[in-house]
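Colleague: I'd like to ask you about the structure that follows.
The values are calculated or read from the model by the stated rules, or taken from the named source; none is laboratory data. Because the structure is a prediction, the values reported are computed rather than measured. All Cβ positions, glycine included, derive from the backbone under ideal geometry; neighbour counts span all protein chains shown. With ligands, DNA and RNA removed, areas are computed over all heavy atoms of the protein, side chains included. Shrake-Rupley method; radii C 1.70, N 1.55, O 1.52, S 1.80 Å.
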Amino acid sequence: MKLLIKSATIVDQQSDYHLKQADILIEDGVIKKIGNTIEDKADKVINIEGLHVSQGWFDTSVSFGEPGYEERETIENGLKTAAFSGFTDVVLNAQSNPTIDNSAALYSVKAKAHANAVNLLPTGALTVKAEGIDLAELYDMSNAGAVSFADYKKPVSNPNLLKIALQYAQNFDGLVQSFPLEKKIAGKGIVNEHHNSTLLGLKGIPNLAENLQIARDLYLLEYTGGKLHIPTVSTEKSVALIKEAKKKGLDVSCSVAIHNLVLTDDLLSEFDTRAKVMPPLRTKSDSKALIKGLKEGTIDFVTSDHDPIDIENKKVEFDNANYGSIGLESAFGALQTIFSTEETIEILTRGRARFKAENSKIAEEESAKLSFFLPEEKYTFEKSDILSTSQNSIFLGQSLKGKVIGIFNNNQLIIKE
């Protein structure tokens, strides 16, 4: 395929063409020429006013449901949603039925994503059936292509189990994830413990439940060595603990869900179950600390934490609703409400090596792994913007900035016409 992109502003800090407007000629998946004016016959020409192009975006935590929960999201539709949301690489959580806790299950998931424009990077369950009792087949899953190991949204309650996992995974450079929640402290809480939880009569989860678990996990990491990833941190103290651990030289990374950056527990006032997420929405003070930690690099990744939930498990009483929100479609527009375009792109493209994802800068003779977007368009996020099978978006009705056009990856163009 020969593709010609006309008059696009390139946003790529690793490229010599950063913030410059240029034409880009791609042939058989490789960038052949970048210049002011390229005249060449092409199978497809993209010429959109205000078009911006960057390295393809990367998401460390998405769930699609399949196998077992296809009514929420199939892998096929999930990857299409990711593509139209600007993502060329996504890390798939082992949130399925049966759980992805062995190499056969992993191969099955990879086969369903074979030859797609979006690269699917599977996470294997850390424990058998994600029950937190016995370690799963980590080495076999690593050989089958697992990029990390995690029981999605389930904390490792047994510290000795996490210790053994960190020690064992070092034999094959495995990345272990530990969800930051001490369940005995959280108790029956369902939202952030703050004045809003008291006003609304909802049981609260104190910040301590996250902070205590992170402190424990960091002590274990210091003892064992190895590689630890802490997904979706949400408190000011969490950022401080991880910052101190990095100063010590511990091999730890972490992420934050975009909704925890942009939204606060003030959104709970309407008892809308779309706002029921885990970790819960916190306070403005926590959001500010998370934004600062992301800018400084203490927080390594943002994630959409895309988690489709069927209507039967969302359109119920708040106490009984499942946690989770879709987030791929709103990710870029939400980030642009708090960061500049240049900052947003840097955040969305950083740290691929941690999850064994390939990187490719915008330069001649480099593989073309690109995201297309219009950064200045402001709009209100509506149901018509949702591409996922499920409709449980926490951002419905929110003012966002920036529209995504599509991607080019694996010599395939996925673009909104």
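Colleague: Taking only Cα atoms and a 10 Å spring cutoff, compute GNM fluctuations for the chain and point out the largest among A186, A42, A240.
Modeller: Comparing A186, A42, A240 in the GNM, the peak value goes to A42.
Colleague: With both bridge residues required to lie in the chain, what share of the DSSP beta bridges run antiparallel, to the nearest 5%?
Modeller: Roughly 50 percent of the beta bridges in the chain run antiparallel, per DSSP.
Colleague: Can you give the FRET efficiency to the nearest 0.05 for S7 and E342, using r as the Cβ-Cβ distance and R₀ = 22 Å?
Modeller: 0.70
Colleague: Here's something else I'd like to know. Viscosity 1.567 mPa s, temperature 4 °C: give me the Stokes-Einstein translational D for the stretch 1-86 in µm²/s, with Rh taken as the Kirkwood radius over C-alpha pairs. Working shown, then result.
Modeller: On the way: Rh = 15.0 Å.
Once the numbers are plugged in, D ends up at 86 µm²/s.
Colleague: Taking the solvent-accessible surface of protein heavy atoms with a 1.4 Å probe, what is the per residue accessible area of the chain in Å²?
Modeller: It amounts to 41 Å² per residue over the chain.
Colleague: Can you list the residues, at least 5 places off or on another chain, whose amide H is less than 5 Å from the amide H of L126, using H built in the peptide plane?
Modeller: Long-range HN contacts for L126: A150, D151.
Colleague: Of the residues D151, D16, D251, which exhibits the maximal mean-square fluctuation in a Gaussian network model of the chain defined by a 10 Å Cα contact cut-off?
Modeller: Among D151, D16, D251, the largest mean-square fluctuation in the Gaussian network model of the chain belongs to D16.
Colleague: Over 16 Å, how big is the tail of the calculated P(r) for the stretch 319-417, in percent of all Cα pairs?
Modeller: I get 65 percent for the Cα pairs in the stretch 319-417 exceeding 16 Å.
Colleague: How high is the relative contact order of the stretch 32-159? Use alpha-carbon pairs under 8 Å, at least six apart in sequence, and give a whole percent.
Modeller: 20 percent
Colleague: Next question, about the same structure. Express in nm, to one decimal, how much length is gained between A42 and A240 on full extension, taking 0.36 nm for each residue of separation and deducting their alpha carbon distance.
Modeller: 66.1 nm
Colleague: Now for a separate question. Where is the GNM fluctuation largest for the chain (alpha-carbon springs, 10 angstrom cutoff): G402, G249, G145?
Modeller: Greatest mean-square fluctuation among the candidates belongs to G249.
Colleague: Turning to a different aspect of this structure: Specify, per residue and in Å³, the volume enclosed by the convex hull of the alpha carbon atoms belonging to the stretch 94-164. It would help to have the intermediate numbers written out before the result.
Modeller: Numbers: hull volume 5.8 nm³, N = 71.
So the per-residue hull volume is 81 Å³.
Colleague: Which ³J(HN,Hα) values in Hz, rounded to whole numbers, follow from the phi angles of the stretch 139-144 under the Karplus curve 6.51 cos²θ - 1.76 cosθ + 1.60, where θ = phi - 60° and Gly and Pro get x?
Modeller: Result, rounded to whole Hz: 5, 4, 5, 4, 5, 8.
Colleague: Compute the relative contact order of the stretch 283-373 as a whole-number percentage, counting only Cα pairs closer than 8 Å that sit 6 or more residues apart in sequence.
Modeller: Details: 54 pairs, mean separation 18.8, N = 91.
21 percent.
Colleague: Quick one: the Cα spread of the stretch 36-100 along its three principal axes, in angstroms, biggest first?
Modeller: Principal axes ranked by extent give 53, 21, 18 Å for the Cα atoms.
Colleague: Rounded to the nearest 500 deg cm²/dmol, what is the calculated helix-only ellipticity per residue at 222 nm for the chain, with -39500 (n - 2.57) per DSSP H run of length n ≥ 4?
Modeller: Helix-only estimate at 222 nm: -7500 deg cm²/dmol.
Colleague: Against the empirical 2.2 N^0.38 Å scaling, what ratio does the C-alpha Rg of the stretch 312-376 come to?
Modeller: 1.60
Colleague: Taking the Cα centre of the stretch 90-154 as origin, work out the dipole magnitude from +1 charges on Lys and Arg Cβ and -1 charges on Asp and Glu Cβ, in debye rounded to 20. Intermediate values should be presented prior to the final figure.
Modeller: Numbers: 5 positive and 6 negative charges, 58 e Å.
Computed about the Cα centre, the dipole is about 280 debye.
Colleague: Can you tally the lysine pairs in the stretch 272-399 where the Cα-Cα distance is under 19 Å and the two residues are eight or more apart, or on different chains?
Modeller: Within the stretch 272-399, the lysine pair count is 10.
Colleague: In debye to the nearest 20, how big a dipole does the chain give about its Cα centre with +1 on each Lys and Arg Cβ and -1 on each Asp and Glu Cβ? Please list the in-between numbers first.
Modeller: On the way: 46 positive and 57 negative charges, 157 e Å.
Dipole magnitude for the chain comes out near 760 debye.
Colleague: Run the numbers for K183 and K248: contour at 0.36 nm per residue of separation, minus the present Cα-Cα distance, in nm.
Modeller: Once the chain is fully extended between K183 and K248, it gains 20.6 nm.
Colleague: Hey, another quick one. Please arrange Y107, Y69 by accessible surface area, largest first, computed with a 1.4 Å probe and ligands excluded. Numbers along the way, then the final one.
Modeller: Working: Y107 125, Y69 70 Å².
So, going from the largest accessible area down, we get Y107, Y69.
Colleague: Heavy-atom accessible area of L19 with all protein chains present, probe 1.4 Å, nearest 10 Å²?
Modeller: 100 Å²
Colleague: As an exercise, find the ratio Rg/Rh for the stretch 139-255 from alpha-carbon atoms, using the Kirkwood inverse-distance average for Rh.
Modeller: Here the Rg-to-Rh quotient is 1.02.
Colleague: Largest first and in whole Å, give the semi-axes of the chain's equivalent ellipsoid, each being the square root of 5 times a Cα gyration tensor eigenvalue.
Modeller: 34, 24, 21
Colleague: Something else about it: Based only on the alpha carbon positions, what is the Kirkwood hydrodynamic radius of the stretch 68-132, in angstrom?
Modeller: Hydrodynamic radius (Kirkwood, Cα pairs) of the stretch 68-132 is 12.3 Å.
Colleague: For a bin width of 10 Å, list the pair-distance distribution of the stretch 231-373 built from all Cα-Cα distances, rounded to whole %.
Modeller: 11, 36, 33, 17, 3, 0
Colleague: If you bin every alpha carbon distance in the stretch 266-336 into 5 Å steps from zero, what whole percent lands in each bin?
Modeller: All Cα pairs considered, the percentages come to 3, 14, 20, 24, 20, 10, 6, 2, 0.
Colleague: Take the stretch 153-211, compute every pairwise Cα distance, and split them into 10 Å bins from 0; I just need the percent in each bin.
Modeller: 22, 37, 23, 14, 4, 0
Colleague: Work out, in µm²/s and without decimals, the Stokes-Einstein translational diffusion coefficient of the stretch 19-135 at 20 °C, 1.002 mPa s, Rh from Kirkwood over C-alpha pairs.
Modeller: For the chosen part, D equals 128 µm²/s.
Colleague: Gap in Å between the Cα centre of the stretch 134-148 and the Cα centre of the stretch 23-49?
Modeller: 41 Å
Colleague: While we're looking at this one, here's another question. Of the chain, which part is the longest with no trypsin sites (Lys or Arg not before Pro) in a loop (DSSP not H, G, I, E, B) and with at most 11 other C-beta atoms within 10 angstrom?
Modeller: Here the longest run is 249-415.
Colleague: How big is the charge dipole of the stretch 292-417 about its Cα centre, in debye rounded to the nearest 20, if each Lys and Arg gets +1 on its Cβ and each Asp and Glu gets -1 on its Cβ?
Modeller: 140 debye
Colleague: Calculate log10 I(q)/I(0) of the stretch 84-216 for q = 0.13 Å⁻¹, where I(q) comes from the Debye formula with a single equal point scatterer on each Cα and nothing for solvent.
Modeller: -0.64
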